[in-house]
Amino acid sequence: MVRPTRWWWLRHAPLETAPGQLPARDAKIRRDDQQIERIQRLLPDGAIWLASSLPRAIDSARALTHVPATPMSAFDEQDFGSWTGATHADLWASGDAEYRRFWDAPAEATPPGGESFAMQCARVAAAIEATSDLHDGFDIVAVAHAGTIRAALAHALALGPEGALAFAVDYWSLTRLDRIEGKWRVVC
C-alpha cells in the first residue's frame, strides 16, 4: 500500500500590526496559548517541520513544537516590495497609480521591487514537489502565510493564480493536502 505524503499547512499566528498593514519581514506574533494547545492536538507526531524563513512563521512553529522547523525561503509570503509595512488604506489614499492598477490584476501585477502572486505560486509549487519527493510518505507540517497556502492549494487543484486568490486563509488555520503517487487530494 502506498502511503501518502501528508502536508499540514498552518498559517502563522496573528500579528502585532495595524489592521490592513502589509507586514514587515520582522513582524511580531501575538501568542495565544489556548489556540496553540488546540492546534497541537490536531497535528501528527513524528512529522517533519518546515517554516517560511520569515520570523513570524519560525516563531509560530517554535510556539507549537520543540522540533526545530527547517526554514525555507521558498515558502515566504509574496514580496510586496516598496509597499511592505504600509497599510492598504494609506496606499489607496496616496493615489499610487501602480497600487490601483495592482487591484485590476492582483495575481499577475508586480508591486514595485516585489513579486507577483503568480511568481509566488511558481516558487511554492516547485518547492512542494521537490520536498514531497524528498520526504515521500511522511507527514510534513509547514508553517507559512496566507499567500503561500493559497499557492499550495492552486498547485494541488491545478488552479491558476487568479482562482487561488478566492481562498480565505485565516491566522492559525490548518489546510491538509495529501500527495498520493503524484496526485493531490484536499483533505481539510
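Could you grab the pairs with beta carbons closer than 6 Å, sequence gap of 6+ or different chains, first residue in segment 4-27 and within 21 Å of A130 (Cα to Cα) and in contact (Cβ under 8 Å) with a residue 12 or more places away in the chain, second one of a type in the set (D, E) and open to solvent by 20 Å² or more (accessible area, probe 1.4 Å)? These pairs meet every condition: T5/D136. In segment 125-139, the residues that are under 17 Å from I149 (Cβ atoms) and in a helix (DSSP H, G or I) form Cβ pairs under 7 Å with partners that are open to solvent by less than 10 Å² (accessible area, probe 1.4 Å) and small (G, A, S), at six or more places apart or across chains, as follows: A125/A151; I128/A152. Set side by side, the residues A107, A122, A97 differ, and just one is out of contact with any Gly (no Cβ under 8 Å at 6 or more places or on another chain), among the aliphatic types (A, V, I, L, M), open to solvent by less than 70 Å² (accessible area, probe 1.4 Å) and at pLDDT 95 or above, which is A122.
Any residue that is among the hydroxyl-bearing types (S, T, Y) and open to solvent by 20 Å² or more (accessible area, probe 1.4 Å) - is there at least one of those in segment 4-13? Spell out the reasoning first.
If we filter segment 4-13 for residues that are among the hydroxyl-bearing types (S, T, Y), which is where we start, we get 5.
With open to solvent by 20 Å² or more (accessible area, probe 1.4 Å) added as a condition, the list becomes none.
Within segment 4-13 (the criterion being among the hydroxyl-bearing types (S, T, Y) and open to solvent by 20 Å² or more (accessible area, probe 1.4 Å)), the answer is no, since none of the residues qualifies.
Does segment 136-151 contain any residue that is out of contact with any Gly (no Cβ under 8 Å at 6 or more places or on another chain), of a type outside the set (A, V, I, L, M, F, W, C), open to solvent by 60 Å² or more (accessible area, probe 1.4 Å) and closer than 25 Å to W92 by Cβ?
Start the filter on segment 136-151 by keeping residues that are out of contact with any Gly (no Cβ under 8 Å at 6 or more places or on another chain), which leaves 136-138, 140-151.
Right, trim to of a type outside the set (A, V, I, L, M, F, W, C) and you get 136-137, 145, 147-148, 150.
If we keep only those that are open to solvent by 60 Å² or more (accessible area, probe 1.4 Å) too, we end up with 136.
From what is left, the residues that are closer than 25 Å to W92 by Cβ are none.
Checked against the condition, which is being out of contact with any Gly (no Cβ under 8 Å at 6 or more places or on another chain), of a type outside the set (A, V, I, L, M, F, W, C), open to solvent by 60 Å² or more (accessible area, probe 1.4 Å) and closer than 25 Å to W92 by Cβ, segment 136-151 yields no hits at all.
Taking the listed residues L64, L15, L50, the one that is in contact with a strand residue (DSSP E or B) (Cβ under 7 Å, 6 or more places away or on another chain) and more than 15 Å from A146 (Cβ to Cβ) is L50, with no other qualifying.
Only residues that are in a loop (DSSP other than H, G, I, E, B), closer than 18 Å to D170 by Cβ and open to solvent by less than 80 Å² (accessible area, probe 1.4 Å): list them for segment 19-47, please. Within segment 19-47, G20, L22, P23, A27, D32, L43 qualify.
If a residue has to be in a helix (DSSP H, G or I), of a type in the set (F, W, Y) and surrounded by 17 or more Cβ atoms within 10 Å (Cβ to Cβ) to count, how many in segment 48-92 make the cut? Before the answer, list the steps.
Pass one, segment 48-92, residues in a helix (DSSP H, G or I): 55-64, 73-75, 81-83, 88-92.
The next check asks that each one be of a type in the set (F, W, Y); those that pass are 75, 83, 92.
From what's left, surrounded by 17 or more Cβ atoms within 10 Å (Cβ to Cβ): 75, 83.
Residues flagged as in a helix (DSSP H, G or I), of a type in the set (F, W, Y) and surrounded by 17 or more Cβ atoms within 10 Å (Cβ to Cβ) within segment 48-92 amount to 2.
The values are calculated or read from the model by the stated rules, or taken from the named source; none is laboratory data. Note that the structure is predicted; figures quoted are calculated from it, not measured. So basically every Cβ, Gly included, is an ideal-geometry build from the backbone, and we count neighbours across all protein chains shown. Note: accessible area is taken over every heavy atom of the protein model, side chains too, but ligands, DNA and RNA are not part of it. Shrake-Rupley method; radii C 1.70, N 1.55, O 1.52, S 1.80 Å.
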